[in-house]
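The values are calculated or read from the model by the stated rules, or taken from the named source; none is laboratory data. For clarity, every value in this text was computed on a predicted model and none was experimentally measured. Don't worry about glycine lacking a Cβ; one is built from the backbone with ideal geometry, like all the others, and counts go over all protein chains shown.
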Amino acid sequence: MSEALAHTNIYTEEDYYNLSENVRAELIDGQLYYMAAPSRVHQKILNFMNTEINIYLRTKDVPCEVYPAPFVVKLFSEDDKNVVEPDISVICDPDKLTDRGCTGAPDWIVEIISPTTSSHDYIRKLNLYADAGVREYWIVNPIDQSVYVYFLEEDKFRTTAYTLQDKIKANIYDDLWIDFAELEL
């Protein structure tokens, strides 16, 4: 006797762009994952990091730009099953920027953990970002006061753990440090 398989909808980039404007979601491997509104602490960290990165980039002669969420990233140009909205995206190749956001892997992505997204960011997105070739991925967790820095070496991420009291170097730059002690959470 055969068992019936549960029907799972496979969504595409077109479905993602047809969502209502007030709906925040990400499309990963053809599945839609809805996102709740971020907390005040989440937004404080996002604003702090975006400002620090933006100030740094304005003083350098680099083509890099920083974009806070909501900002759409289509990680693979030929794939219509993966569209994400990282909390912070740093893109150094201007050819990847489009009117809709970014097509291709950003150089650096930062995700700030919310209680409902931790496994999503630590597992699902970590693997997706590695596969896409994101050079650096930071997971900032205000709940356990940690920052995990993943730096892509060949085809695997090298990981270093920090706290929200540490001064952390961005690996993709020679002299950018984010001093989380200044954040005063």
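Kindly check whether there is at least one residue in segment 101-113 that is outside any helix (DSSP H, G or I), at pLDDT below 95 and among the polar types (S, T, N, Q).
Residues of segment 101-113 that are outside any helix (DSSP H, G or I), as a first pass: 101-113.
From what is left, the residues that are at pLDDT below 95 are 113.
From the residues that got through so far, the ones that are among the polar types (S, T, N, Q) too are none.
Scanning segment 101-113 turns up no residue that is outside any helix (DSSP H, G or I), at pLDDT below 95 and among the polar types (S, T, N, Q).
Restricting to segment 47-75, and then to whatever is in a loop (DSSP other than H, G, I, E, B) and of a type in the set (D, E, K, R), can you tell me which residue is surrounded by the fewest Cβ atoms within 10 Å (Cβ to Cβ)?
Step one: list which residues in segment 47-75 are in a loop (DSSP other than H, G, I, E, B), which gives 59-64, 69-71, 75.
Still in the list and also of a type in the set (D, E, K, R): 60-61.
Working: Lys60: 12, Asp61: 5.
Taking the candidates together, the pick is Asp61.
Give just the number: which of (1) among the hydroxyl-bearing types (Ser, Thr, Tyr); (2) surrounded by 13 or more Cβ atoms within 10 Å (Cβ to Cβ); (3) in contact with a Ser or Thr (Cβ under 8 Å, 6 or more places away or on another chain) does Ser89 not satisfy?
For Ser89, the exception is condition (3).
Within segment 121-136, is even one residue on the phi < 0 side of the Ramachandran plot, small (Gly, Ala, Ser), in a loop (DSSP other than H, G, I, E, B) and out of contact with any strand residue (DSSP E or B) (no Cβ under 8 Å at 6 or more places or on another chain)?
The initial filter retains those residues of segment 121-136 that are on the phi < 0 side of the Ramachandran plot, namely 121-132, 134-136.
Still in the running and small (Gly, Ala, Ser): 130, 132.
From the residues that got through so far, the ones that are in a loop (DSSP other than H, G, I, E, B) too are none.
No.
Taking segment 146-165, which residues are polar (S, T, N, Q) and touching a residue at least 24 places away in the same chain (Cβ under 8 Å)? Talk me through it step by step, then tell me what you get.
Restricting attention to segment 146-165, the residues satisfying the condition of being polar (S, T, N, Q) are 146, 159-160, 163, 165.
Matches in segment 146-165: none.
Of all residues in segment 16-50, which are under 20 Å from Arg100 (Cα atoms) and hydrophobic (A, V, I, L, M, F, W, C)?
Leu19, Val23, Ala25, Leu27, Ile28, Leu32, Met35
Name every residue in segment 53-73 that is out of contact with any Gly (no Cβ under 7 Å at 6 or more places or on another chain) and either of a type in the set (A, V, I, L, M, F, W, C) or under 12 Å from Ala132 (Cβ atoms) (or both), in order of residue number. Don't jump to the end; show me each part of the working.
If we filter segment 53-73 for residues that are out of contact with any Gly (no Cβ under 7 Å at 6 or more places or on another chain), which is where we start, we get 53-70.
Ile53, Ile55, Leu57, Val62, Cys64, Val66, Ala69 - these are the residues of segment 53-73 that are out of contact with any Gly (no Cβ under 7 Å at 6 or more places or on another chain) and either of a type in the set (A, V, I, L, M, F, W, C) or under 12 Å from Ala132 (Cβ atoms) (or both).
Please tell me if Lys81 is over 19 Å from Thr117 (Cβ atoms) and not hydroxyl-bearing (Ser, Thr, Tyr). Don't jump to the end; show me each part of the working.
Numbers: over 19 Å from Thr117 (Cβ atoms): yes; not hydroxyl-bearing (Ser, Thr, Tyr): yes.
Against the criterion (over 19 Å from Thr117 (Cβ atoms) and not hydroxyl-bearing (Ser, Thr, Tyr)), Lys81 qualifies.
Go through the residues of segment 28-40 one by one and say whether even a single one is over 21 Å from Pro142 (Cβ atoms) and either more than 17 Å from the chain's Cα centre (by Cα) or polar (S, T, N, Q) (or both).
The answer is yes, given that some residue of segment 28-40 is over 21 Å from Pro142 (Cβ atoms) and either more than 17 Å from the chain's Cα centre (by Cα) or polar (S, T, N, Q) (or both).
Being in a helix (DSSP H, G or I) and in contact (Cβ under 8 Å) with a residue 12 or more places away in the chain is the filter; apply it to segment 30-46 and report the residue that is surrounded by the most Cβ atoms within 10 Å (Cβ to Cβ). First the steps, then the outcome.
Residues of segment 30-46 in a helix (DSSP H, G or I): 40-46.
Adding the requirement that they be in contact (Cβ under 8 Å) with a residue 12 or more places away in the chain leaves 41-42, 44-46.
Working: Val41: 14, His42: 18, Lys44: 16, Ile45: 25, Leu46: 18.
Among those that are in a helix (DSSP H, G or I) and in contact (Cβ under 8 Å) with a residue 12 or more places away in the chain, it is Ile45.
Which of the residues that make up segment 92-114 are buried (at least 20 other Cβ atoms within 10 Å of the Cβ), of a type in the set (Gly, Ala, Ser) and within 13 Å of Val73 (Cα to Cα)?
Passing the criteria: only Ala105.
Just a yes or no: is a residue in segment 7-27 under 18 Å from Ala130 (Cα atoms) and not in a loop (DSSP other than H, G, I, E, B)?
Taking segment 7-27 as the starting set, the residues that turn out to be under 18 Å from Ala130 (Cα atoms) are 26-27.
Next cut, not in a loop (DSSP other than H, G, I, E, B) only: 26-27.
The answer is yes; a qualifying residue exists.
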